[in-house]
Amino acid sequence: MTPPITRSTDHPVTRSADVGRSAFLVASGIFLSRITGLVRERVIGYYLGTSFAADAFRAALRIPNFLQNLFGEGVLSASFIPVYAKLVAQGDREESGRVAGAVFSLLAMVVSLLVLAGVLGTPYIIDLIAPGFKGETRDLTIRIVRILFPGVGLLVMSAWCLGILNSHRRFFLSYVSTVIWNAAIVAALIAGRRHSLSTIAVYAAWGSVIGSALQLAAQLPVVIALASGLRFAVRAANDNVRAVIRNFTPVFVSRGVTQLSAYVDQILASFLPEGAVTGLSVAQAIYMLPVSLFGMSISAAELPAMSSALGTDEQVAATLRNRIASSTRRIGFFVVPSAMAFLALGDIVTGAIYQTGRFKASDSTYVWGILTGSAIGLVASTVGRLYSSAYYALRDTRTPLRYAVVRVALTSALGYMASLPLPRLLGIDPKWGVAGLTASWGVAAWLEFLLLRGGMNRRIGRVESPAAYLVKLWGAAVVAAAVAWGIRWLVHPHHPWVAAVAVLVPYGAAYLGMTLLLGVEQAESLLRRVGARFGKWQ
């Protein structure tokens, strides 16, 4: 039975100014994290290119990350934060400390057992998720995974720190701490640069473990200071701990289903020619930048705000409708031009980030094809995060799970057809099958979004459709892309960074100019904020 939606909390996070500031802090932390992550990817590309060692390292990095994604940030945001944050708001230091300590202890116990099982069972895991890897690639992947598993256990504990920090409105540190992890991997790659490709990959794996420990160590002092009543003990009898566990289970399963989809994609990519796994990983890293910056930041800030809505059922529903509509417009303003950039200028975007050393111009073109598929569902998947947060705010974690299962089933079926049989039927190079995988994500993302939106409309009433608004954004993005291509045709820039400055900067300026001409409120607001900031500097 669905719980009522009336809220009793009156935490000041409900104020729009606080939500805006929180979103800015989350976005800032994510931005720095993603930028250093792209530096990390560029260094990996420089030293490993699209070699067998790059395939092994990237596949290995994703295998133990299954644990982090299952037990990490998103799951704790939907389960632990609402319970712990309410206790903090009530000033119940003793009970909040007991709950936080119990959750930490339970996580540590479960993750330790899974890490041990993962290290011992690595060869069997790889046979399941990357059966196409043979010989040297398979052996190197096994070696790297065994190194990485303990570090991922530490990253899960970092996600617990994020839950504490976000509940106390310390958003920046929790998201920016990943910079340390990225820096450790980069340092390890540089340290091992004179060795063979296999040894460089092993160095990077050890850098990941060291970075995980440093990332946790950077957060713990602040966490301990904020949660001074921590009591570390395995307790499930406490009502609040049971509430966390009840909320945890559906989101945990949902994450597991999503991760299953990612591993199905990796299995399919492992049967494609060399470089497919790396191409998929590189495209995902670029694709996730706007998703994280604009989808995750706004959704993370909106979750506590929507959860704190006050009044009757209809008043709460009206508040949610307004918040969803407003945030959808904000997300769309930034994500639509990102999708168009992936479609029209993906090789320039990829080249600016990765093209160096063994990562060549042909590799940038290859990733562009993969990004084109990803762009299909970029808007849907990003706004879909906002709708998921609305369900979590209503204490409904089961509906997003059901829709996630539908999306994963469709992605797997379409992904298989588009990546393996379809290239043969069309008579094209099999390596382009990986673009079929990302296009399948896009189609499935739209189906999931429509299901989430339809269910929410039935729950709280029809949310305002921003169709006309999105048409303006897409029209502005198309004009901006035409301007960018005109400059590209005239200048013919070859160096990746020259191309990025000469083409992408005018693209962004043209998009902003067109949205201003079309009277898009978000463009005018952005210009006012930039003007206000500039005025303060004078």
Do we have any residue at all in region 135-157 that's open to solvent by less than 20 Å² (accessible area, probe 1.4 Å), among the aromatic types (Phe, Trp, Tyr), outside any helix (DSSP H, G or I) and touching a helix residue (DSSP H, G or I) at 6+ places or on another chain (Cβ under 7 Å)? no
Within region 272-285, identify whether any single residue is part of a helix (DSSP H, G or I), closer than 21 Å to residue 455 by Cα and at pLDDT 80 or above, and answer yes or no. no
Looking only at region 520-538, how many residues end up being of a type in the set (Lys, Arg) and modelled with pLDDT of 70 or more? 2
Using the structure shown, decide if residue 366 is within 18 Å of residue 268 (Cβ to Cβ), part of a helix (DSSP H, G or I) and at pLDDT 90 or above. yes
Can you name every residue in region 90-120 that is of a type in the set (A, V, I, L, M, F, W, C), touching a residue at least 12 places away in the same chain (Cβ under 8 Å), over 30 Å from residue 278 (Cβ atoms) and surrounded by fewer than 18 Cβ atoms within 10 Å (Cβ to Cβ)? 108, 109, 110
Of the residues that make up region 121-128, is at least one farther than 19 Å from residue 241 by Cβ, open to solvent by 10 Å² or more (accessible area, probe 1.4 Å) and aliphatic (A, V, I, L, M)? yes
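One line per residue, one yes/no per condition, for (1) surrounded by fewer than 23 Cβ atoms within 10 Å (Cβ to Cβ); (2) closer than 28 Å to residue 444 by Cα; (3) without any contact (Cβ under 8 Å) to a residue 60 or more places away in the chain:
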| position | (1), (2), (3) |
| --- | --- |
| 287 | no, yes, no |
| 355 | no, no, no |
| 362 | yes, no, yes |
| 373 | no, yes, no |
Are there helices (runs of 4 or more DSSP H) fully within region 1-83 with at least 3 residues that are at pLDDT below 75, more than 16 Å from the chain's Cα centre (by Cα) and closer than 27 Å to residue 317 by Cα? List them. 16-48
Any idea how many residues of region 406-436 are within 16 Å of residue 447 (Cβ to Cβ) and crowded, with 17+ Cβ neighbours inside 10 Å? 8
Among the listed residues 173, 197, which satisfies the condition of being farther than 18 Å from residue 150 by Cα, in contact with a Cys (Cβ under 9 Å, 6 or more places away or on another chain) and open to solvent by 30 Å² or more (accessible area, probe 1.4 Å)? 173
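Every residue, every condition in (1) touching a Phe, Trp or Tyr at 6+ places or on another chain (Cβ under 7 Å); (2) crowded, with 16+ Cβ neighbours inside 10 Å; (3) of a type in the set (D, E, K, R), yes or no:
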site: 448; (1), (2), (3): yes, yes, yes
site: 457; (1), (2), (3): no, no, no
site: 464; (1), (2), (3): no, no, yes
site: 467; (1), (2), (3): no, no, no
site: 472; (1), (2), (3): no, yes, yes
site: 475; (1), (2), (3): no, no, no
site: 486; (1), (2), (3): no, no, no
site: 492; (1), (2), (3): no, no, no
Of the criteria (1) within 24 Å of the chain's Cα centre (by Cα); (2) closer than 30 Å to residue 59 by Cβ, which one residue 191 fails: (1)
Only one of (1) in contact with a helix residue (DSSP H, G or I) (Cβ under 9 Å, 6 or more places away or on another chain); (2) open to solvent by 10 Å² or more (accessible area, probe 1.4 Å) does not apply to residue 336, and that is (2)
Considering only helices (runs of 4 or more DSSP H) wholly within region 420-538, the ones with at least 3 residues that are in contact (Cβ under 8 Å) with a residue 40 or more places away in the chain are 433-460, 467-491, 496-499, 505-517, 521-537
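The values are calculated or read from the model by the stated rules, or taken from the named source; none is laboratory data. If you're wondering where the values come from, they're calculated on a predicted model, not measured in any experiment. Don't worry about glycine lacking a Cβ; one is built from the backbone with ideal geometry, like all the others, and counts go over all protein chains shown. For accessibility, only protein heavy atoms count, side chains too; no ligands or nucleic acids. Shrake-Rupley method; radii C 1.70, N 1.55, O 1.52, S 1.80 Å.
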